[in-house]
Amino acid sequence: MSAPDTDLQRLVGKPWKKPPFIQRNWLRWTLILGFFAYLVAAFMTIEVNWSRVYEGLERGKQFVLAFTSPDFTTRSGDIYEGMVESIVMTVAASVVGIGISIPIALGAARNVAPLPVYLICRSIIAISRALQEIIVAILLVAIFGFGPLAGFLTLSFATIGFLSKLLAEDIESMDRVQAEAIKASGARWSQWINYGVQPQVMPRLIGLSMYRIDINFRESAILGLVGAGGIGATLNTAFDRYEYDTAAAILLIIIVIVMALEYLSGIIRARVQ
Amino acid sequence: MLRLEKLVKTYKTGDQALKAVDLDIPEGQVLALIGPSGAGKSTLIRCINRLVEPTSGKVYLAGNELTELSAGALRKERRRMGMIFQEYALVERLTVMENVLSGRLGYVGFWRSFLRKYPQTDVDEAFRLLDRVGLAHMADKRADELSGGQRQRVGICRALIQDPALLLVDEPTASLDPKTSRQIMRLICELCKERGLAAIINIHDVALAQMFVQRVIGLRFGAIEFDGPPDALTPDVLTTIYGEEDWEATIEKIDGEDDEAAE
Amino acid sequence: MPVLETEGLKQWHRRTGRESLGHWVMWLIGVAVFAYCWQQISQATTWFFVWDAPTIAEDIWTRATPPKWEYITQLGKPIWDTLNIATLGTIIALVLAVPVAFLAARNTTPSALVIRPIALLIIVATRSINSLIWALLLIAIIGPGVFAGVIAIAIRSIGFCAKLLYEAIEEIDETQVEAIKATGASRWQVMAYGIVPQILPAFAGIAVFRWDINIRESTVLGLVGAGGIGLQLSSSLNVLAWPQVSLILLVILAAVVISEWVSAKVRGAII
């Protein structure tokens, strides 16, 4: 028992410090100092007009108070039209987007599709994901003119990138044995997809679709800012005119619809799983 | 040392986990609590340090009544009761040393513990305990890198560094292989003897309990069915605790405290 | 899966008669809703412009290429602003999201009846409204500029981060918390030793993930006047300077790709 004893002698009486998360000293200090240097630089370069901010606090208070008495009636016609347009865009874009994403997801799953198809589908997904909805909307408005068609196309395009990527990942990680069993029975490719793949990814497809509908609705609320239809234009006008009570009413409607959608998707996801 | 008086625990679901349990444990006695799953063993242990609030009854630790204490006073009393868990319950993402030192949380202030600036005496004691269980060289390893037996040793160190008068041990060997189980039981009992601690050990393995403890309590449906020395556990007694079964094979003659003296 | 007997033969059907009827009605309603939506969109569209779209697209393309490369010298400051909006916004959001998450998680909330619903309301309200709308609102209140962008990103991110974080808190291993409680630790010590180490990896992952999203979002905040590279995009669009627009779009694309790469690397290092 002599060895451990000397070991203990060495340890006792010495202070103990938690070993740092990043072992290398220079790297740790470079990261810490670099981070603080960045923070200082960032704060230095932000120009804040404090007197303007101070003036704004009063308006901020008004806006918060507006939430206690939202005005649904004065511009009820505009709000109604804008909301219907947003919902219409959401529904149409979700249906089309989901419809197109399924074949693209199959093409983008390496265990289902041959390599050339895989590469094409993956690049479609990459392009769709890299471009922001609002930027796509600007371009489409420039090409197709103002109105909900541009918004509809934007949302469909964005849905493809989102849904295909997640669905393709799900197909790639599915249980291979089940799929092989169907293949072994002599099924054709389409039968194999129908019996071996579809049942495995269906719950996830439904869950993701619900989630995407939720996102599409939220996005449809801003497309109006660039003229692509929906409630955004009404909201923008309300802010421009400082009609906070109308703006508060619109925001409340958006929040309530999003909550309802989340609740609904929770129920549906619980049922399919 | 520890006295339970008419301890009752009824869960919200209406299940009566403990039915007026009376128990008296003298200084330094190691006691095994046996009984089928759901007999209330875990509940009994957790009612003592009030991780589970007892419905009624009294718990006296060295003369102090625990069930009426305020949150602050309860924390002070909890320092006197070290607890060892079934699944080790180490904070997996902290180092072994932090896990052991966390046994001192009741003694140091928040900022001291937050900044890991424990008194030197605590650190020394932690190293001594780790050395005693043969893990001093592992101090800076993360807890999730250890094996089951090693984790349980760290758990023992965490309980002992509290400087407790009583150990509450909940199924210490349930997740361990037979050999490690024996080593852990032996370690717990040796340490209790060295430090004169009383202990309540919840255990499934009747043979293992008989091997190491001075007194056995049998619990069934939340009531004490048996209280006596380990060699009084006859097949009849086991049948009253657990129900009908062939017990001859379970009650081993504990002959020749053998093999794994050196680990 | 029912088996029907017709003319003494057993026939297997996937669904019973009523089930398949219900199925068809559902599909019918779905198709009708979609047709209605499409009709609405179609009504609001000037189809003349749409048929003209290929020519317009080609026209824009010829004007936008090649990008005006020398314009990049003027984009340095806007890119720096964009980075700041995303990073500072994320940091502020995380600071605010942590307490909200602890108040919203079932196992740490001080009061499930009063405080938890309030915390959940904060999460839903901040999450359902896009950062562009928050920016619009803040510009109306405190005036245009980078500061409004930072705050808009911060508010939008609170709900997102707090939601993921409170789900992580609800999934922790309770026995580890119990063990720390049993040592006689105070409420805050239980938090620091029992809960925080368990959620730290999730926290780091959420932070990097949200930072990545915020880089994307802050590139367009300028469209409504909240600073960053979107400001340049907006002014270039207003004067139809397509070569500048194409360069800015390339820069935004590069920023998005780089931020995604960085966040993937960091997440890989943490987990």
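The values are calculated or read from the model by the stated rules, or taken from the named source; none is laboratory data. Since the model is a prediction, treat every value here as computed from it, not as a measurement. Here Cβ is always computed from backbone atoms with ideal geometry, including for glycine, and neighbour counts include all displayed protein chains. What goes into the accessible areas is simple: the full protein's heavy atoms, side chains included, and nothing from ligands, DNA or RNA. Shrake-Rupley method; radii C 1.70, N 1.55, O 1.52, S 1.80 Å.
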For the range C:77-270, alpha-carbon Rg and Dmax in angstrom = 19.4, 69
How much accessible surface area, in Å² rounded to 10, belongs to the heavy atoms of C:Phe203 with a 1.4 Å probe?
-> 60
Cut-off 11 Å between beta-carbons: net charge of the residues surrounding B:Lys58, Lys and Arg +1, Asp and Glu -1 | -2
Taking a ≥ b ≥ c as the square roots of the eigenvalues of the Cα gyration tensor of the range A:1-137, is the shape rounded (a/c under 1.5), prolate (a/b larger than b/c) or oblate?
-> oblate
Evaluate E = 1/(1 + (r/R0)^6) for A:Thr68 and A:Ser173, where r is the Cβ-Cβ distance and R0 equals 56 Å; express this FRET efficiency to the nearest 0.05.
-> 0.70
Over chain B, what is the relative contact order in whole percent, taking alpha-carbon pairs under 8 Å and six or more residues apart?
-> 26
Any residues in the range B:92-109 that have 50 Å² or more less accessible area with all protein chains than in their chain alone, probe 1.4 Å, and which are they?
-> B:Arg93, B:Leu105
Most to least packed among A:94-106, C:113-125 [average Cβ atoms within 10 Å] | A:94-106, C:113-125
With every protein chain in place, what's the accessible area of A:Met259 (1.4 Å probe, Å², nearest 10)?
-> 80
Top positive-direction residue, dipole computed over the protein assembly as shown with Cβ charges, set C:Leu96, C:Leu138, A:Phe21 = C:Leu138
A:Thr159: net charge of surrounding residues, Cβ under 15 Å, Lys/Arg +1, Asp/Glu -1, itself excluded?
-> +1
Partner shielding of A:41-48, as the mean number of partner chain Cβ atoms within 10 Å, equals 5
Helix-only mean residue ellipticity at 222 nm for chain C, each DSSP H run of n ≥ 4 adding -39500 (n - 2.57), per residue, nearest 500 = -25000 deg cm²/dmol
Distances over 23 Å make up what percent of all Cα-Cα pairs in the range B:2-242?
-> 49
Dividing the surface of the Cα convex hull of the range C:50-103 by four yields a projected area in nm² of 7.3
Packing rank of C:88-96, A:198-206, B:109-117, where each peptide gets the mean count of other beta carbons within 10 Å, highest leading = C:88-96, A:198-206, B:109-117
Other residues with Cβ under 15 Å from the Cβ of B:Glu244 give, with Lys and Arg +1 and Asp and Glu -1, a net charge of -4
Would you mind classifying the protein assembly as shown by shape? Square roots of the alpha carbon gyration tensor eigenvalues, ordered a ≥ b ≥ c; an a/c under 1.5 is rounded, otherwise it is prolate if a/b is larger than b/c and oblate if not.
-> prolate
Put +1 on the Cβ of each Lys and Arg and -1 on the Cβ of each Asp and Glu in the protein assembly as shown; which of B:Pro36, B:Ala20, C:Cys37 then has its Cα farthest toward the positive end of the dipole?
-> C:Cys37
How much accessible area is lost when chains A and C come together, counting both sides, with a 1.4 Å probe, in Å² rounded to the nearest 100?
-> 4800
Size of charge dipole - the protein assembly as shown - debye, nearest 20, with Cβ of Lys, Arg +1 and Asp, Glu -1, no other charges = 1780
Which order, highest average first, do A:156-163, B:74-81, C:46-53 follow once you tally other Cβ atoms within 10 Å for each residue and take the mean per peptide?
-> A:156-163, B:74-81, C:46-53
About the Cα centre, charge dipole magnitude for the range C:77-270 (Lys/Arg +1, Asp/Glu -1 at Cβ), debye | 220
Mean other chain Cβ within 10 Å across B:49-60 is 1
Shape call, the range A:75-272: gyration tensor on alpha carbons, a/c limit 1.5 = prolate
